[in-house]
Amino acid sequence: MILEFDPCGIPLSEWEDKQAHIEAALNITIAKIFWRNGKKIICVYAVPAKDDFAEILPWKEEYLSSRNFTLVLGESMIGTVTVSLTRTPHILLGGSAGSGKSVLLKLMLMQALKKGANVYIADFKGGVDFPPIWHQKCRMCFEEQDLLDLLSKLADELQHCKELFSMIGCQYSAGSNQEQYGLLHLRQGG
């Protein structure tokens with residue numbers, strides 16, 4: 001749907017800053033907000049909130065993002081649905097049985113593998129949900145002690161990277177240098 005508003009002197013940047021409030025008040029999901037008719041009308045492209053994500057988001061190989069650390073979840077009515085691991089480094093998947101959590105997880109992990117990332121999977125069911133190719137391409141942990149050992153190794157590696165950044169006078173902080181750390185991490189293959 002296209003909604004048109006008299007801006008009443010409110011600049012476009014204010015409309016964009018208040019996008020979440022507009023979405024909540026009108027029960028819509030906004031795809032974009034822009035000026036129309038020489039800054040006389042604010043145009044809002046949106047879909048009803050209940051319709052923004054289809055039950056099934058189609059995914060094709062050509063959706064794979066060329067941007068570092070950006071994973072494509074599928075196509076919705078408002079465009080490509082992505083998640084940037086640079087901005088959102090932690091993701092929790094929730095849903096009822098059969099809702100597609102495992103499928104979405106595998107889709108995200110597959111894209112991470114295609115981007116050259118090292119993928120670690122903790123699966124205390126013994127990896128039964130992952131075909132043999134996953135066992136070859138990923139580091140699988142099935143036992144608690146194996147996971148604790150891996151996490152300790154990764155923490156040591158992170159500390160080492162922080163020390164390297166410090167030696168060259170570069171501060172490591174989540175967000176600003178996270179993508180650079182990831183690139184360094186991928187280049188070193190560690």
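The values are calculated or read from the model by the stated rules, or taken from the named source; none is laboratory data. Since the model is a prediction, treat every value here as computed from it, not as a measurement. We place every Cβ from the backbone using ideal geometry, glycine too, and count neighbours over all the protein chains shown. Each accessible area value is taken on the protein alone, full model and side chains, heavy atoms only, with ligands, DNA and RNA left out. Shrake-Rupley method; radii C 1.70, N 1.55, O 1.52, S 1.80 Å.
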Number of the condition not met by Pro89 [criteria: (1) open to solvent by less than 30 Å² (accessible area, probe 1.4 Å); (2) more than 30 Å from Pro11 (Cα to Cα)]: (1)
Verdict on Pro131 being open to solvent by 50 Å² or more (accessible area, probe 1.4 Å) and within 21 Å of Phe142 (Cα to Cα): yes
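One line per residue, one yes/no per condition, for (1) over 29 Å from Lys114 (Cβ atoms); (2) out of contact with any Gly (no Cβ under 6 Å at 6 or more places or on another chain); (3) polar (S, T, N, Q):
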position	(1), (2), (3)
Ser13	yes, yes, yes
Ile22	yes, yes, no
Asn27	yes, yes, yes
Arg36	yes, yes, no
Lys40	yes, yes, no
Ala46	yes, yes, no
Ala49	yes, yes, no
Leu64	no, yes, no
Thr88	no, yes, yes
Matching strands (runs of 3 or more DSSP E) fully within the range 64-182 where at least 1 residues are at pLDDT below 85: 70-76, 79-84
